[in-house]
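Remarks on the structure that follows.
The values are calculated or read from the model by the stated rules, or taken from the named source; none is laboratory data. Because the structure is a prediction, the values reported are computed rather than measured. Don't worry about glycine lacking a Cβ; one is built from the backbone with ideal geometry, like all the others, and counts go over all protein chains shown.
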Amino acid sequence: MKKLIVLALCAVTLPMMAQEEAKKDSVEEGFQFTTVDSVAITPVKNQHRSSTCWAFSALGFLESEVMRMNKGKEVDFSEMYVVNKTMMDRAEYCLRMYGDVAFAPGGSAYDVIYCLKNYGLVPQEAMPGIRYGLWPNDTLPVHSELDAVAGGYIKALKNMKRISPVWKEGLQAVYNTYLGECPTQFQYEGKQYTPQEWVKALKLNPDDYVSITSYTHHPFWTTFALEVPDNWRMDQMYNIPMEDMMRIIDNAIEKGYTLAWGADVSEIGFTRKGIGVVPDADNGADLTGSDMAHWVGLSESGKKEELTKRPLPEMEITQEMRQKAFDSWETSDDHGMQIFGRAVDQNGKAYYMIKNSWGTQKSTYKGIWYISRAFMMYKTNDILVHKDAIPSDLKKKMGIK
């Protein structure tokens, strides 16, 4: 009887031990991050089905700025106030160029700074930005219909021989119908403000913020308008070497600043699970230790899964690689996010902590992404940062006071 009991216990214990070992191996195979330093951010939001990452990321950046300058005061800016104002400006620019420039729902971090300077900002409660729901309890932005209606409106005007002076009223009605009217006054914490009075009370000065990029088709230590469709306002960015751009990112985080980040996320190393790395996809079989026949037989999604499920060696990034990827359209202007911290993986490799705007439900780290230093060097289009976050020697060389 005792022997039977022992055998029964073994039958139960061995599978449990096997499960524990498998679980341990799984954890060891994956990414394990330790935070090195981080700056305060507001909660992760969800842009849902709208091309408004630029508004969410840059406003998240400004929300952190308010916290930094106002003893941790937390505010929630209305993204759709900025979207309403920006899309009306973009429509006017498109028509002034006789329709020869794109009218699309994308934008840049500078659009938010332009709005801050010229229109002010409003709190989320003053303009929630969703006046409809395609389904019951739909409280997240869904802009497919809005973009189709507004795009069709502008397309029709582009085909006219003449346009009337009231076209803008019609388009404004479209944006107001879907997003709500932009308030000119509102109550906040018991006080009455205009949008511009409010941002002044929050100590936000649009002239404090600068855009920075790093490409060799323009001279370093000059400014130029980065040639991507969403930089339609022709924001003049400081052009500096890649390593100096990285110095600014590191210095900003060390000094308690965050940054708005414009990047290409269409790469095989950027996952929906919260990882951004630059594995050498051409040598994927060697990197992952896979049989070549098995590797060749994998789908693209299968290769991506293999290359991003654990830390692997990454490509060595150079300035020339950055430029070649930009010139060949491999690096595209995809997405805006917020850089707010640094971490290391279990091997000591450096990563940046990123606040995304895809909600918290489906990502491994609840809306936070870990981006390797190599990915940041390779796929950064531009950054937006407070000028005081720039190291003094670089600030002087850039001619910033």
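Some points to look at:
- Pick from the range 312-346, criterion in contact with a strand residue (DSSP E or B) (Cβ under 6 Å, 6 or more places away or on another chain) and of a type in the set (Gly, Ala, Ser), ranking: surrounded by the most Cβ atoms within 10 Å (Cβ to Cβ): 336
- Matching entry among 126, 156 (being in contact (Cβ under 8 Å) with a residue 24 or more places away in the chain and either in contact with a strand residue (DSSP E or B) (Cβ under 6 Å, 6 or more places away or on another chain) or farther than 21 Å from residue 54 by Cα (or both)): 126
- Spans of strands (runs of 3 or more DSSP E) in the range 181-274 with at least 2 residues among the small types (Gly, Ala, Ser) and modelled with pLDDT of 95 or more: 259-263
- Sole residue being in contact (Cβ under 8 Å) with a residue 12 or more places away in the chain and under 20 Å from residue 231 (Cα atoms), chosen from 331, 360: 331
- Comparison of 355, 349, 309 shows that the only residue that is in contact with a strand residue (DSSP E or B) (Cβ under 6 Å, 6 or more places away or on another chain) and among the charged types (D, E, K, R) is 355.
- Matching entry among 366, 349 (being in contact with a Lys or Arg (Cβ under 9 Å, 6 or more places away or on another chain) and in contact (Cβ under 8 Å) with a residue 12 or more places away in the chain): 349
- Residue that is surrounded by the fewest Cβ atoms within 10 Å (Cβ to Cβ) [pool: residues in the range 220-235 that are in contact (Cβ under 8 Å) with a residue 40 or more places away in the chain and of a type in the set (Phe, Trp, Tyr)]: 221
- Flag for residue 98 being at positive phi and surrounded by fewer than 22 Cβ atoms within 10 Å (Cβ to Cβ): yes
- Residue 89 falls short of the stated requirement of being in contact with an Asp or Glu (Cβ under 9 Å, 6 or more places away or on another chain), modelled with pLDDT of 95 or more, buried (at least 23 other Cβ atoms within 10 Å of the Cβ) and not aromatic (Phe, Trp, Tyr).
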